Structures are given as C-alpha cells and as structure tokens.
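Novice: This structure is in structure tokens; I'll ask about it shortly.
The values are calculated or read from the model by the stated rules, or taken from the named source; none is laboratory data. Because the structure is predicted, anything quoted here is derived from the model rather than measured. Cβ sites come from the backbone with ideal geometry, for glycine too, and all protein chains shown count toward neighbours.
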Amino acid sequence: MVARAVGYNSVSSIALTFLILFHCFSIIRIWDDFDNYAYPFTEIGWDYGVAINPLLYTQEEWNRGKIFPFHKNVESDGIEIK
C-alpha cells in the first residue's frame, strides 16, 4: 500500500487528500479494508479540525487513470508516504 498526500491551505480551512493504493485485483477487497485503512485518517482529521479525504484505488485502476488531471496533480505535487 502506498499513500500520497496533496493538500492546500487557506485562511479558514486545511484539507488533505490521501490516495491509498492497494496491490490487489479486486475493488471488493478495498471496501472490506476501508475501515482499517481509510477511516482512521478521517477520524484524525476530526480530532484536529482538518478535512482528510482518503481515496482508495487498486494499483491497476490508478494506472488506468493517467490521462486524468487528478492523476497528473498527484504525480507532480504529491508526497509519497510509505
């Protein structure tokens, strides 16, 4: 699993988007693991008054989306967390 963060900071809010990539072949597995991997980031955001938006993709889905602006933004501005 690899997570990348892309965030912005304005006067009134902070928001982070975490991309969580799973090295599996089925989206069903991702939904089974949502509570374990994505939801804790959301709870941490609540504790600190920060909007944290975890996005879940399989590696295969992420690779298919290379033409989309979000993919390009993450690749150029993202910070890899291992």
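Novice: Go through region 55-71 and count every residue that is assigned to a helix (DSSP H, G or I) and closer than 14 Å to T17 by Cβ. Show your work before the answer.
Specialist: Narrowing region 55-71 to residues assigned to a helix (DSSP H, G or I): 59-64, 69-71.
Checking which are closer than 14 Å to T17 by Cβ leaves us with 62, 69-71.
Residues that pass the stated criteria total 4.
Novice: Taking into account only those residues within region 1-24 that are at pLDDT 65 or above and within 16 Å of Q59 (Cα to Cα), which is surrounded by the fewest Cβ atoms within 10 Å (Cβ to Cβ)?
Specialist: First, the residues of region 1-24 that are at pLDDT 65 or above: 13-24.
Next cut, within 16 Å of Q59 (Cα to Cα) only: 18-24.
Details: F18: 21, L19: 21, I20: 20, L21: 19, F22: 20, H23: 9, C24: 15.
Out of the qualifying residues, it is H23.
Novice: Related question: How about region 55-74: which of its residues are closer than 23 Å to P40 by Cα and among the aliphatic types (A, V, I, L, M)?
Specialist: L55, L56, V74
Novice: Right, next: Search region 58-82 for residues that are under 21 Å from C24 (Cβ atoms) and pair each with any residue that is hydroxyl-bearing (S, T, Y) and in a loop (DSSP other than H, G, I, E, B) when their beta-carbon atoms are under 9 Å apart and the residues are at least 6 apart or on different chains.
Specialist: T58/S26
Novice: Among the residues of region 25-54, write down those that are at pLDDT below 80 and assigned to a helix (DSSP H, G or I).
Specialist: Within region 25-54, I27, I28, R29, I30, W31, D32, D33, F34 meet the criteria.
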